[in-house]
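Enquirer: Here's a structure for you.
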Amino acid sequence: MEMELNLSETKTIKVKILNTEYTLKVEDEELGYKVAEYVDGVMRELESKFPGRNALTIAVLAALNIAEELFRERMKHDNVEGEIENLLMDLSNRVDKILSL
C-alpha cells in the first residue's frame with residue numbers, strides 16, 4: 001500500500017488525540033481534522049472499555065478496529081462493483097439482442 005503526500009501543497013494543523021497534541025501535514029485541513037476527531041473517538045471508546053490500559057495498547061486496538069472497518073468497506077465496495085458489472089453485462093446483452101432483431 002503506497003500513499004503519496006504532495007508536500008508542496010500541504011498545510012500544517014494541530015490536533016489532539018487522547019489528550020496528546022500532534023502536528024500534522026495534510027492536503028485537506030477539514031479532512032485532517034475529521035480523521036483526527038474520528039481516531040480520538042475510537043481511542044476514547046476503547047479507553048472506556050479497557051480502563052487502565054496504556055496509550056500504546058489503546059492505539060493498537062484502535063488501529064485494528066479502524067483497519068477492520070476499512071476492509072469491510074472495501075469488501076462491500078468490491079461486491080457492489082461486481083453487481084454493477086453483472087448488471088451492465090446483462091444490459092449490454094439485452095441491447096445486443098434488441099439490435100439484432
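The values are calculated or read from the model by the stated rules, or taken from the named source; none is laboratory data. If you're wondering where the values come from, they're calculated on a predicted model, not measured in any experiment. Reconstructed Cβ throughout: ideal geometry from the backbone, glycine too, with neighbour counts over all protein chains shown.
Enquirer: Run Pro51 past the list (1) outside any helix (DSSP H, G or I); (2) under 25 Å from Thr10 (Cα atoms) and report the number of the one that doesn't hold.
Expert: (2) is the only condition that Pro51 fails.
Enquirer: Also, quick follow-up: Go through region 59-101 and give me each residue that's farther than 29 Å from Asn19 by Cα, of a type in the set (Val, Ile, Thr) and surrounded by 10 or more Cβ atoms within 10 Å (Cβ to Cβ).
Expert: Residues satisfying the conditions are Val80, Ile84, Val95.
Enquirer: Please verify whether region 39-47 includes one or more residues that are surrounded by 10 or more Cβ atoms within 10 Å (Cβ to Cβ) and touching a Gly at 6+ places or on another chain (Cβ under 9 Å).
Expert: So far as region 39-47 goes, no, none of its residues is surrounded by 10 or more Cβ atoms within 10 Å (Cβ to Cβ) and touching a Gly at 6+ places or on another chain (Cβ under 9 Å).
Enquirer: Looking only at region 1-27, how many residues end up being more than 20 Å from Ile66 (Cα to Cα), surrounded by 10 or more Cβ atoms within 10 Å (Cβ to Cβ) and either at pLDDT 95 or above or touching a Cys at 6+ places or on another chain (Cβ under 8 Å) (or both)?
Expert: Adding up the residues that qualify gives 6.
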